1. Could you work out Rg/(2.2 N^0.38 Å) for region 251-328, with Rg from alpha carbons only?
2. Please work out how much length the chain gains when fully extended from residue 281 to residue 302, using 0.36 nm per residue of separation minus the C-alpha to C-alpha distance, in nm with one decimal.
3. Residues of region 274-315 with backbone nitrogen within less than 18 Å of a virtual label 7 Å along the Cα-to-Cβ line of residue 235, please, listed as ranges.
4. Mind pulling the angle between the C-alpha long axis of helix 330-341 and the longest principal axis of the chain? Nearest 10 degrees, somewhere in 0 to 90.
5. Could you list 178, 57, 21, 303 so that the one with the fewest beta carbons within 10 Å of its beta carbon is first and the one with the most is last?
6. With r as the distance between the Cβ atoms of residue 1 and residue 111 and R0 = 30 Å, compute the FRET efficiency 1/(1 + (r/R0)^6) and round to 0.05.
7. Need one number: nm distance between label points at residue 141 and residue 253, each 7 Å from Cα along Cα→Cβ, rounded to one decimal.
8. Calculate how steeply helix 111-123 sits against the longest principal axis of the alpha-carbon atoms of the chain, using the helix alpha-carbon long axis, and give the answer as 0 to 90 degrees to the nearest 10.
């Protein structure tokens, strides 16, 4: 993980937030190339979810929602983790993580079960703080993951009357806008709603760089359908999402399915796509696919008093639609693509290069343009003319820092698929050298054909 973190900071992909003040735990800022990579991942996801489909709609719901949203969903009463405090070093520790070290799976178990198991270990003298080694640990208690705030109140005090929550997941906004979508867009079953947005969770222990953070972006899709079709639709979306990873360069032997045995209260079936992270030493969840049944719409109908059923004209029946959900953290995909693509190669001359061999659709910079020398005005002007023309169609970068070899290595490392060099020959033959990131092969291309050349490369 250290090498990934170092790369992200050195190449302006990810920075620790508020670093000049000592930073904040599990909060990160995305730098120039990180922003571009993140947006490209987002856009490619949206293309597959919305642009390429006729049964999908986009949404950007608000972060703040009516507090009853989270009562109806069960988050206020049940969205929590078990916490243990160390009296010596004041560390907060996930109680289920402590038990996991002893082979005890406490995921979704009651707080009573967790404390019983902790007490057994305490009696055996095995229970200790992983941070300082002290055995002076508290009993486990429930710790809410909801981040509270208030809106429009003259006081800072949080009361039942003024409390609102920063959403812990984005799907709630989709359920609240379901009726507006049905009433105004008149979709036929089945149909889906996709959105990308910020979510917030007050994690007890947030670590592993951007894999688990307190502020993050989710890309979620809720697919509404006739209850009779749940099984086939669930399998359809499993296939769709699996193939998406393969299309963007993730090898099939690096991902697998994990089936949940212990299900959330709303779920009838749940699978995760797990990726084998080198930087995390094993398979970790990147995306969940869940059969949520009709629980969500039924709950919101109950608490709001609004009928959220659907009249299906094709089947002549009324029902509360069932939902298949796909949910993925954008930060986790970001880390996955870096982990998968960042490699060190030894060249034929014995030199080494670090290269981000990422799918060119995701690459932050599509084309880098160089003058052969930065102190020759005619070369700089020629290169800038090409750069200014290409940047209208592609995300480009003008680079004249160091010799050409160093520029190639820098662009390789940030994943730029193509580099264009304007040299002395260009002044006479109106052509430039185009170099391929992956093969390092170079070819001479007429300047007038450059735009069409790259359009063909990126349209493949």
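1. After normalising by residue count via 2.2 N^0.38 Å, the value is 1.50.
2. Extra length from residue 281 to residue 302 when fully extended: 3.1 nm.
3. Answer for this model: 289-292.
4. The two axes meet at around 50 degrees.
5. 21, 303, 57, 178
6. Calculated value: 0.40.
7. Taking the simple label geometry, residue 141 and residue 253 are separated by 5.0 nm.
8. Helix 111-123 and the main axis of the chain meet at about 80 degrees.
Since every read-out is calculated from the coordinates, none of them should be taken as a lab result. Since the structure is predicted, the reported quantities are computational estimates derived from the model, not experimental observations. Every residue, glycine as well, gets a Cβ built from its backbone with ideal geometry; the counts of neighbours run over all protein chains shown.
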